[in-house]
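The values are calculated or read from the model by the stated rules, or taken from the named source; none is laboratory data. As the structure is a prediction and not an experimental result, all values here were calculated from the model. Cβ atoms come from the backbone with ideal geometry, glycine included; neighbour counts cover every protein chain shown. These accessible areas exclude ligands, DNA and RNA; they are computed on the full protein's heavy atoms, side chains included. Shrake-Rupley method; radii C 1.70, N 1.55, O 1.52, S 1.80 Å.
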Amino acid sequence: MSMKPHSLIGMGYEGVEDIASFLRRVQAYNVSTIVDVRLNPISRKRGFSKTALGNALADAGVAYVHARELGNPKWNRPGFAGPHDELVAARAMYEKAIDSADADARLDEIAATASDGIVALLCFEADEFRCHRYVLLDRLRSGRGMPAGIA
């Protein structure tokens with residue numbers, strides 16, 4: 001896996017067997033920081049709730065940041081799984097939902113962190129195209145000139 005020493009990737013843990021498998025994937029991509037973009041970082045999958053995930057990542061030498069202000073509101077999530085027109089509408093609603101100084105400041109922080117290492121935006125959804133992190137990655141890559149990676 002060749003990657004630039006600093007870049008931005010997206011990662012979803014849907015379908016990942018367990019936290020150990022996820023950590024191997026994180027390490028394989030040389031991720032230095034995970035930015036959790038879930039509104040509520042809780043999970044039914046053992047090891048993926050905020051505290052447990054943060055601890056497991058810390059033990060693996062990876063920083064963990066929860067970016068609540070970049071989370072997708074629950075009412076907007078179904079559109080990301082719907083047909084194309086619903087997906088487009090959900091993305092547009094999400095764009096409006098994060099149109100704030102707090103979200104912009106967090107995106108600036110992510111860009112700064114990614115200038116020093118590989119940052120992965122984390123959410124549950126495996127298919128980045130069907131996740132709100134697609135919008136975030138697009139903003140970071142286009143508006144802030146971040147190099148892309150693939151996870």
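Couple of notes before you dig in:
- In Hz, Karplus ³J(HN,Hα) per residue of the range 126-143 (6.51, -1.76, 1.60; θ = phi - 60°; x = Gly, Pro): 6, 7, 4, 4, 9, 10, 5, 5, 4, 5, 5, 4, 4, 4, 5, 6, 8, x
- Put a plus charge on the Cβ of each Lys and Arg, a minus charge on the Cβ of each Asp and Glu, and nothing anywhere else: the dipole of the range 4-151 about its Cα centre is then about 260 debye.
- From the alpha carbon centroid of the range 50-69 to that of the range 91-126 is 16 Å.
- In this structure the amide hydrogen of HIS66, modeled in the peptide plane, comes within under 5 Å of the amide hydrogens of ASP36, none closer than 5 places in sequence on its chain.
- Using only Cα coordinates, the Kirkwood hydrodynamic radius of the range 22-61 works out to 10.6 Å.
- Helical mean residue ellipticity (222 nm; -39500 (n - 2.57) per DSSP H run of 4+; nearest 500) of the chain: -12500 deg cm²/dmol
- P(r) tail for the chain: Cα pairs beyond 22 Å make up 36% of the total.
- Stretching the chain fully between LYS74 and ASN30 yields a gain of 12.7 nm (0.36 nm per residue, less the alpha carbon separation).
- Atom-type composition of the exposed protein surface of the chain places 52 percent of the accessible area on carbon and sulfur (1.4 angstrom probe).
- Amide H contacts under 5 Å for LEU121, placed H, 5+ residues apart: ILE9, GLY10, MET11, VAL35
- Taking a point 7 Å from the Cα of ALA81 along the Cα-to-Cβ direction, the residues of the range 13-27 with backbone N closer than 15 Å to it are 13-15.
- Trypsin sites (Lys or Arg not before Pro) within the range 61-151: DSSP coil, no more than 15 neighbouring Cβ in 10 Å: ARG144
- Anisotropy class of the range 33-93 from Cα gyration tensor, a/c 1.5 cut: prolate
- Shown in residue order for the range 28-43 are the 3J(HN,Hα) couplings computed by the Karplus curve 6.51 cos²θ - 1.76 cosθ + 1.60 at θ = phi - 60°: 4, 8, 6, 5, 9, 9, 9, 10, 7, 9, 6, 4, 10, x, 10, 8 Hz (x for Gly and Pro).
- The ratio of the alpha-carbon radius of gyration of the range 1-72 to the globular-protein estimate 2.2 N^0.38 Å is 1.06.
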